[in-house]
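Novice: Shown below is the structure under consideration.
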Amino acid sequence: MGFNALAKEKTVRIASLSPNLSELIFALGKGSSLVGRSSVCDFPDSVRKVPVVGKFGVPQIEKIIMVKPDYLVVTALKDRSMATRFRRFGIKVLFFNSASFCDYYNNVKVLGNILNCRKKAELLISRTKKQLKKIKLQLNAISLKERPKVFVAVQVSPLMTVGRSSFINNMITYAGGINIGAVKRVSYYRCSLEWLLKEQPDIILMSGCSDCLVSQLMNKKGWKNLMAFKNKKVNNRMKPELLFRLGPRSVEGIEALYQIFYEKEKVRQ
Amino acid sequence: MPEIMNAQNLKFGYSRENTVLEDFSFKVKNSEFVGLIGPNGSGKTTILKLLSGYLSPKAGDIFLGKQKINLLSSRQRARILGVVPQVISTTMPFTVKQVVEMGRTARISPFLPLRGHDHEAVCSAMNEMDVFEIKNSLFSQLSGGERQRTIIAAALAQEPEMLLLDEPTSSLDLGHKLQLMGLLKGLQARGMTVMAVSHDIELMAKYCDRLVLLKNGKVLASGAPPEIITPELIKEAYGCEVNVIVGINGEPLISAEIKAAEIKY
Amino acid sequence: MFVILPVLLIAVVVGGLCIGVTWINPLELFNIPDDDLSHALIGLRISRITTAFTVGGALAVAGAAYQTVLRNPLAEPYILGISGGASLGAAIAIISGLSACTMLAVPGMAFVFAILAMALVLLMGRGRFSEYSENVLLSGVIVGAVCSSILMFIISTLNHYELNSVTWWMLGNLQAADNSLLNIAIAVTVIGTLLLTLNGRQANLISLGEEMAYNMGTVPFRVVMILLCTASLMTAASVSLAGIISFVGLLVPHATRRIFGADHRRLFILNLICGGIFLTACDIISRVLLEAQEVPVGVITALIGGPFFIWILNRKGRRNA
């Protein structure tokens, strides 16, 4: 209660080193409280006016001290001992998990508290839940057998995909797909093309891959034998930040995934 | 008698400022047995490396027969000149036989296996150096003396016209030492030219036709052993007082002055 | 021992074809079902075995050549900074965005930088009076250190995604190979091994030291250059094909020499076969160790190779003692 009273007296200053947290701060309408961002924070456009104070997970101490934030919010920190160093300057370092939608709701709540906009936070959560429920209702009509098996290629060489512990697995499930990578209880892991050939996913997501790379793969031994490649069900059109960032736009991402999974004509021709 | 080796006005140094040899001239006649002696740092090993062509002089020429050594192909050179360096060590598991066979390199085509005569040369070299019994042992696991004998055998298998040896007896026991010197004498009788660098002055004096005494990269004296092994020359080269007596076979023997040693105590 | 090699060779080839995510009965290999998928699966495994065999063989042969020329038992294919140069090239391809355009960018840049590093080392190694091989070893370590410090700098500026790509590349990967690249690497490996074998007698002499080799009728500098350049080209080809796979080039030559002796006229070919068998076997293990997930093959080479190597050393050591 003590710091809430304090927060009312002056506007809270906050620095974020994660693009999803920066997006969330803007979504809560508190863009003006953001006094520092990471070099990869790029949404919404107005975030670009905020000075850069570090890279993703790597703060630049002097720059952060210069912008005098009350809080430094991160999802990852390369060097954890940094946190104690910032505390000495009166800057609280807050870690946020980003592994599931539960984490996301919790992040919204905590940020709502800090930024003194709990109502807005509640609204954001309930709206997200409502949107997810809507998709879920649509999915009820589709039996498990009809749901597509999905493979997410995080990177091609070496081949990496997402496992059960990643929020991306969460998103695919919400959108009505079955992530074939979910057999492993890890976030990201290296898999083999052979395994992919055995699993034969219906849809392959290659967000962020260039068209050129996709067409090269299409002619490569092994890859061209994947049903998804033969049926042109390889999608590299989806914006990577909608898929790889757990934030206020994740619902948008899930909707995009739903479109890819169930509206055949929109899949890459 | 023609000269097999003729070095003229050699100049050498390991860096620009440093000079080991200055205006060094040196001749070896056909079928001569020459011993190169001198104190530490007198340039013996450097001279050997220059004469073998491994180091190139800053000035001067070395003739091997009638040809300049640097104009000979490496194979031609190796057929005339066999060299036994001071130490050879390797971690590679070669057998003694394999090392001796390497001596044939200059005599055979690089890509073909050894033929009848090559095997004979290798066998007789191993027999002469008394390493035939250990021919299948690993070279890297031999004692120092066995190793030295193996390397000499490899040089013999080369069937050169002239043999350069750097301290060939340094790790040999008395028996093998005398055996080696006898062998070199025998090779000389068959027409080979031998030149050895050694610290064992008495041994050299006994077997060599000619001794060359070096000091600071210069020839101090050159001649038959009794002319070289004199108290005066030894004192000038090594800086110590010695007496020279004559052995049963007429060879000069050195007897150090006990007094000179006592003074130090 | 000579009988065991063909048996092992057949064993790893059959094993490589049959073992994997889906098990194929060895008897069915001659009677593959005529559907696309089975053909694709077999095709993938064939190219993977070929890659593993080529890379393993090339590294072992190169390692043997380096150990001979540098007369250093710790020498391995990456000691002359070739891996440092290749990593730097790969990192530059990744950060410059070239790798997003074509799959050939990373191996291409890796190869170019590996060759640059090699040229630099050989040029820097020229010094008077001391043995060339000693100078080369020193300048190789220096070039390697410089390359890796530039690489460290680049890594420190990378974002997470690119960092992952560079790190994964450095861990080695036998799947990524493109067919045309594989063909080049096979050609380099075969020609290189033949060239080294033809120079086997000279290599024997060089291993006793440059002066000894000189005295016995060779031109040491020329021999050293032939051996180093061939070995470096083979290393560069393997690194750009499959990234950095440690241990093969160090262990296999030692083991091969222990078992078959030091005669280089057959040592290089034996290394090609043994290195190929070893890496193919390690790759099979890396494929099946964890379900669906792949373990970097470099991890397996060290874990399996280390104990095996110690066993070889002790076994032979006791017999000769």
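The values are calculated or read from the model by the stated rules, or taken from the named source; none is laboratory data. Note that the coordinates shown come from a computational prediction; the quantities given were computed from them, not determined experimentally. Neighbour counts run over all protein chains shown; Cβ positions are idealised from the backbone, glycine included.
Novice: Among the strands (runs of 3 or more DSSP E) contained in the stretch B:5-104, which hold 3 or more residues that are touching a Gly at 6+ places or on another chain (Cβ under 8 Å)?
Specialist: By residue number, B:21-29.
Novice: Now a separate question. Restricting the stretch A:10-40 to residues that are more than 22 Å from A:Ile125 (Cα to Cα) and free of Cβ contacts under 8 Å to residues at least 40 places away in the same chain, which is farthest from the chain's Cα centre (by Cα)?
Specialist: A:Lys10
Residues checked against (1) within 20 Å of the chain's Cα centre (by Cα); (2) outside any loop (DSSP other than H, G, I, E, B):
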residue: A:Arg48; (1), (2): yes, yes
residue: A:Lys68; (1), (2): no, no
residue: A:Ala76; (1), (2): yes, no
residue: A:Ala99; (1), (2): yes, no
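Novice: For B:Ile134, are the conditions met, namely being surrounded by fewer than 20 Cβ atoms within 10 Å (Cβ to Cβ), more than 10 Å from chain C (Cβ to nearest Cβ) and β-branched (Val, Ile, Thr)?
Specialist: Spelling it out, B:Ile134 is indeed surrounded by fewer than 20 Cβ atoms within 10 Å (Cβ to Cβ), more than 10 Å from chain C (Cβ to nearest Cβ) and β-branched (Val, Ile, Thr).
Novice: Within the stretch A:149-239, considering only strands (runs of 3 or more DSSP E) that don't extend past its boundaries, which have at least 2 residues that are away from chain C (no Cβ under 11 Å) and touching a Pro at 6+ places or on another chain (Cβ under 6 Å)?
Specialist: Fully inside the stretch A:149-239 and qualifying: A:149-152.
Novice: For residues that are of a type outside the set (Asp, Glu) and assigned to a loop (DSSP other than H, G, I, E, B), tally how many sit in the stretch C:73-131.
Specialist: 19
Novice: Let me ask something additional. State which residue is nearest to the chain's Cα centre (by Cα) when the search covers only the stretch B:85-95 and only residues that are at the interface with chain C (Cβ under 8 Å from one of its Cβ atoms) and among the aliphatic types (A, V, I, L, M).
Specialist: Selected residue: B:Ile88.
Novice: Could we say that A:Arg80 is assigned by TED's automatic domain parsing to the domain that holds A:Gly181, in a loop (DSSP other than H, G, I, E, B), without any contact (Cβ under 8 Å) to a residue 24 or more places away in the chain and farther than 26 Å from A:Glu263 by Cβ here?
Specialist: For A:Arg80, the condition - assigned by TED's automatic domain parsing to the domain that holds A:Gly181, in a loop (DSSP other than H, G, I, E, B), without any contact (Cβ under 8 Å) to a residue 24 or more places away in the chain and farther than 26 Å from A:Glu263 by Cβ - is not met.
Novice: Follow-up question, since we're still on this one. Just one of the numbered conditions (1) in a strand (DSSP E or B); (2) modelled with pLDDT under 90 is not true of B:Leu213; which one?
Specialist: For B:Leu213, the exception is condition (2).
Novice: Further, regarding this structure: Can you find, within the stretch C:13-60, the residue that is nearest to C:Ile285 (Cα to Cα) among those that are assigned to a loop (DSSP other than H, G, I, E, B) and polar (S, T, N, Q)?
Specialist: The extreme case among them is C:Thr22.
Novice: Mind listing just one residue for me: the one in the stretch C:157-192 that is within 9 Å of chain A (Cβ to nearest Cβ) and in a helix (DSSP H, G or I) and, of those, surrounded by the most Cβ atoms within 10 Å (Cβ to Cβ)?
Specialist: Only one residue fits best here, namely C:Trp169.
Novice: Right, another one. Considering only the stretch A:77-96, I want to know if a residue exists there that is modelled with pLDDT under 90 and within 17 Å of A:Gly112 (Cα to Cα).
Specialist: no
Novice: Here's another thing I want to ask about it. How about the stretch B:167-191: which of its residues are part of a loop (DSSP other than H, G, I, E, B), touching a residue at least 12 places away in the same chain (Cβ under 8 Å) and over 13 Å from the mean Cα position of the chain (by Cα)?
Specialist: Matches in the stretch B:167-191: B:Ser171, B:Leu172, B:Asp173, B:Gly191.
Novice: Does B:Arg79 qualify as being farther than 23 Å from B:Asp173 by Cβ, within 19 Å of the chain's Cα centre (by Cα) and charged (D, E, K, R)?
Specialist: Yes; evaluated as a whole, the condition is true for this residue.
Novice: Given the criteria under 14 Å from the mean Cα position of the chain (by Cα) and away from every other protein chain (no Cβ under 14 Å), does C:Ile92 qualify?
Specialist: Spelling it out, it is not the case that C:Ile92 is under 14 Å from the mean Cα position of the chain (by Cα) and away from every other protein chain (no Cβ under 14 Å).
Novice: Let me ask something additional. Checking C:Ser87 against (1) in contact (Cβ under 8 Å) with a residue 24 or more places away in the chain; (2) within 22 Å of A:Ser215 (Cα to Cα); (3) buried (at least 22 other Cβ atoms within 10 Å of the Cβ): exactly one of these is not met. Which one?
Specialist: (2)
Novice: Looking only at the stretch A:193-241, count how many residues are of a type in the set (Asp, Glu) and either free of Cβ contacts under 8 Å to residues at least 40 places away in the same chain or in contact with a His (Cβ under 9 Å, 6 or more places away or on another chain) (or both).
Specialist: Total satisfying the criteria: 2.
Novice: With the checklist (1) under 28 Å from C:Leu194 (Cα atoms); (2) over 21 Å from the mean Cα position of the chain (by Cα); (3) at the interface with chain C (Cβ under 7 Å from one of its Cβ atoms) in hand, flag the one item B:Met102 doesn't pass.
Specialist: (2)
Novice: Still on this structure, please answer the following. So if I check each of C:Arg71, C:Arg48, which one is among the charged types (D, E, K, R), closer than 26 Å to C:Ser180 by Cβ and touching a residue at least 12 places away in the same chain (Cβ under 8 Å)?
Specialist: None of the other options fit; the residue is C:Arg48.
Novice: Please verify whether A:Phe244 is aromatic (Phe, Trp, Tyr), crowded, with 19+ Cβ neighbours inside 10 Å, away from chain C (no Cβ under 13 Å) and within 24 Å of A:Asp42 (Cβ to Cβ), treating the condition exactly as stated.
Specialist: Criteria not met by A:Phe244.
Novice: Can I ask one more? Look through A:Phe244, A:Phe167, A:Phe229 and report the one residue that is over 20 Å from the mean Cα position of the chain (by Cα) and among the aromatic types (Phe, Trp, Tyr).
Specialist: Only one candidate passes the filter, namely A:Phe229.
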